[in-house]
Structures are given as structure tokens and as C-alpha cells.
Amino acid sequence: MPPPSPLTAAIPLRPLLLFIFFAVPVVSWRPWPNAKPNSTDFLYGGSKKYEGSSEFVHLKYHMGPVLTANITVYPIWYGTWQSSQKRIIREFISSISAAGSKSPSVAGWWKTVQLYTDQTGANISGTVHVGEEKNDRFYSHGKSLTRLSVQSVIKSAVSASTRPLPINPKSGVYLLLTSDDVYVQDFCNNVCGFHYFTFPSIVGYTLPYAWVGNSAKLCPGVCAYPFAVPDYIPGLKPVKSPNGDVGVDGMISVIAHEIAELSTNPLVNAWYAGQDPVFPVEIADLCEGIYGTGGGGSYTGQMLNGKDGATYNMNGIRRRFLVQWVWNPLVNYCTGPNALDQ
């Protein structure tokens, strides 16, 4: 059989939303433009007591590989990027395994991801670092990409005549980041990012990859929420982003979401809930929209406010970030380092 269409692990896909809606009593949330709940639901929806906990969620291990070796993230900067934007994203990735960061830390968040193991009992790697990078500032595949042309961009990066990215199928994460003037299939309507693996017929190798887009011009009220809010929801106020760039600060949580899921389900045959590997519910899907204690429904949970008024929930090496929680397999609910009971 041909490999399934790369529809998995989007943030979030409609079937995933339906699954979560019926499976858990507290529903995570993103303000999709085609959602039609009333304004009270947006402001007060969901119980404030439990972070997505449910006896009905059955996250299972399907015996596939996970990333237990030192993880290397290879950024592919597609389009026009400012050096300051690149620094924010690099510093977030570097913070994932920076154990000395002030608590609550990004490294503390990653400890939950590390709880997942492969069939030998080996845990997800505690080391995540930024590897070689590739710039595609001339939009080699245009400013409108399909899911398959995303793979063609990755092929160009690993087969370039000068300084190609290394081929690292066992511990590499190929992170395609599109600038704010690039549209990717389903962006803003159904997804803010997705992950899958490349097809040998296109790229020549099977490589775990993720795409995340900068939504600053296209849909900040959807994919950079809560640093921006959609105009069609009255009474909802944005919060101040911690690094002064709404689009990039919004990308950080999506990047975290995808790296967590790529690590625990790189070939879509390891850790997920549900019966269909084409539409798996993964460890970050279960907690999408939850950033602190009490999160659920349209409520982000308890976050932190800096002296400058910026909102965040985790510290990195030198910066602050807002990162969604992930599903903890030991307690069967979403957890994060900024939980009030820790």
C-alpha cells in the first residue's frame, strides 16, 4: 500500500478535535475562523479544575521507534527571516536541554516528553540541540506550498550542491519554518503546523520532519493566539508576547508541539491514541491550548506575567516563552513545569 497522506499531527486537524471533544471532559482550544460557539463558550468554556485528564484517553505504544539518541534539529529558513527572529527560535530549541535555566523552565517541560520510551525501555533523549541550518531566501518552490511540496523543499535542503544538510534519519528533526509571506496548504484554516516523515520517492530518504509557519500576516488571531486574537470574538483581549514578536512568539509553542510529537512518534507508529495512524491523537494534541493549571476549554490556564507585562510560562537560557503542556503518561493528564501544585 502507498504511504498515507501526510495529514497527521497538525495543530489540530478536525478529526483530532472531534476525538478530543468526545474523549475528554476538558477540551483544548484554538480560535479557528469556522468555529461557531457562542461568546460565553470562548470566554468561560471548560472546567477550571482538571488539565485535560480523562479515564477515556488511552494513549498506547505501537512498537515503533522513538528518538532516544541525541536529537539534532535542522532548521530550514524558507523565505525572508530577520536575524532577531532566528535567534528567538534557536534559543528556544537550545533551551530544551539547558538544565541550568531558571524554574519553571523549558528543560523542565521536556522532562515530561522524556518519560516516553521505546520497546527496549530507552527514554526519549534528554539532549536536543540545533544542528546545521539551511536558508532558502529566494522561495525556491514559490510562496504557496502544498504538503507534498513541503517535502520538495526538504529535498532541496539535503541535496543542495553547497552545504547540504546532513542525512540523519535516526535522530534528526528537519524543521521547515516558513516566513510570514508564505502560505502552506490548510494554514490558518485547519493547521498551524504539522509533522510527518519524508517519502523516499520524493526526498530519497525517510526523515522525520515538521513544518511551522509564521502567521503574523496571515492569521495571528488563530496561530499566534493568545498574543493576538481574532476580530470576530468580542471581549477577548490579547496578551503581550515575551520576546516582542507576535508571529515568532506564537510559533514557539507550535514548534514545541511538533518536536515533542516527532520525538515520541517520528514514523507515526509509536505513541498515539486512537485507532487510525493517519489521524493519530498524540501527546501534544491532547493538551493543545493548555499552558497552565486549570487549562481547558477556551481557558489557557494560569500563566506568568513579567514586570514588563509580558505573558509566558517557561524560562529558557536567556528568554521567556509560552509553551503548551504535553500529556504525562504516568498520571494520565497534561502537565507542565509551571503547574501550581509543583
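The values are calculated or read from the model by the stated rules, or taken from the named source; none is laboratory data. Bear in mind that the values here come from a model prediction, so they are computed numbers and not experimental data. Backbone-built Cβ (ideal geometry, glycine too); neighbour counts: all protein chains shown. Keep in mind that these areas ignore ligands, DNA and RNA; they rest on the heavy atoms of the full protein, side chains included. Shrake-Rupley method; radii C 1.70, N 1.55, O 1.52, S 1.80 Å.
Please go through (1) part of a helix (DSSP H, G or I); (2) of a type outside the set (Lys, Arg); (3) over 25 Å from SER159 (Cα atoms) for LEU115 and return the number of the only condition it doesn't satisfy.
Failed condition: (1).
Let me spell it out: the conditions are (1) in contact with a strand residue (DSSP E or B) (Cβ under 6 Å, 6 or more places away or on another chain); (2) open to solvent by 10 Å² or more (accessible area, probe 1.4 Å); (3) of a type in the set (Phe, Trp, Tyr), and TYR209 meets all of them except one. Which number is the exception?
Condition (2) is where TYR209 drops out.
Would you call THR120 over 30 Å from VAL184 (Cα atoms) and open to solvent by 30 Å² or more (accessible area, probe 1.4 Å)?
Taking the combined requirement at face value, the residue satisfies it.
Does the stretch 289-296 contain any residue that is aromatic (Phe, Trp, Tyr), in contact with a Gly (Cβ under 9 Å, 6 or more places away or on another chain), buried (at least 24 other Cβ atoms within 10 Å of the Cβ) and modelled with pLDDT of 95 or more?
There is at least one residue in the stretch 289-296 that is aromatic (Phe, Trp, Tyr), in contact with a Gly (Cβ under 9 Å, 6 or more places away or on another chain), buried (at least 24 other Cβ atoms within 10 Å of the Cβ) and modelled with pLDDT of 95 or more.
Is one or more of the residues making up the stretch 222-234 open to solvent by 10 Å² or more (accessible area, probe 1.4 Å) and among the acidic types (Asp, Glu)?
Looking for residues that are open to solvent by 10 Å² or more (accessible area, probe 1.4 Å) and among the acidic types (Asp, Glu), one finds at least one in the stretch 222-234, hence yes.
Rundown of residues vs (1) open to solvent by 10 Å² or more (accessible area, probe 1.4 Å); (2) part of a loop (DSSP other than H, G, I, E, B), yes/no style:
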{"residue": "VAL254", "(1), (2)": "no, no"}
{"residue": "ILE259", "(1), (2)": "no, no"}
{"residue": "LEU262", "(1), (2)": "no, no"}
{"residue": "TYR272", "(1), (2)": "yes, no"}
{"residue": "GLN275", "(1), (2)": "yes, yes"}
{"residue": "GLN324", "(1), (2)": "no, yes"}
{"residue": "ALA339", "(1), (2)": "yes, yes"}
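Which residues, taken from the stretch 65-87, are of a type in the set (A, V, I, L, M) and in a strand (DSSP E or B)?
If the condition is that a residue be of a type in the set (A, V, I, L, M) and in a strand (DSSP E or B), then ILE71, VAL73, ILE76 are the ones that fit.
With the condition kept exactly as written, say whether any residue in the stretch 147-166 is of a type in the set (Lys, Arg), touching a Gly at 6+ places or on another chain (Cβ under 8 Å) and within 22 Å of ILE259 (Cβ to Cβ).
yes
Can we say ASP231 is among the acidic types (Asp, Glu) and not in a helix (DSSP H, G or I)?
Considered against the rule, which asks whether it is among the acidic types (Asp, Glu) and not in a helix (DSSP H, G or I), ASP231 comes out as yes.
Quick check on the stretch 291-302. Is at least one of its residues touching a strand residue (DSSP E or B) at 6+ places or on another chain (Cβ under 6 Å) and not aromatic (Phe, Trp, Tyr)?
no
Taking only the stretch 299-322 into account, find how many residues are open to solvent by 10 Å² or more (accessible area, probe 1.4 Å), in contact with a helix residue (DSSP H, G or I) (Cβ under 8 Å, 6 or more places away or on another chain) and not β-branched (Val, Ile, Thr).
Number satisfying all stated conditions: 4.
Residues checked against (1) closer than 22 Å to GLY336 by Cα; (2) buried (at least 18 other Cβ atoms within 10 Å of the Cβ); (3) not aromatic (Phe, Trp, Tyr):
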{"position": "SER125", "(1), (2), (3)": "yes, yes, yes"}
{"position": "HIS129", "(1), (2), (3)": "yes, no, yes"}
{"position": "SER144", "(1), (2), (3)": "no, no, yes"}
{"position": "ARG147", "(1), (2), (3)": "no, no, yes"}
{"position": "SER159", "(1), (2), (3)": "no, no, yes"}
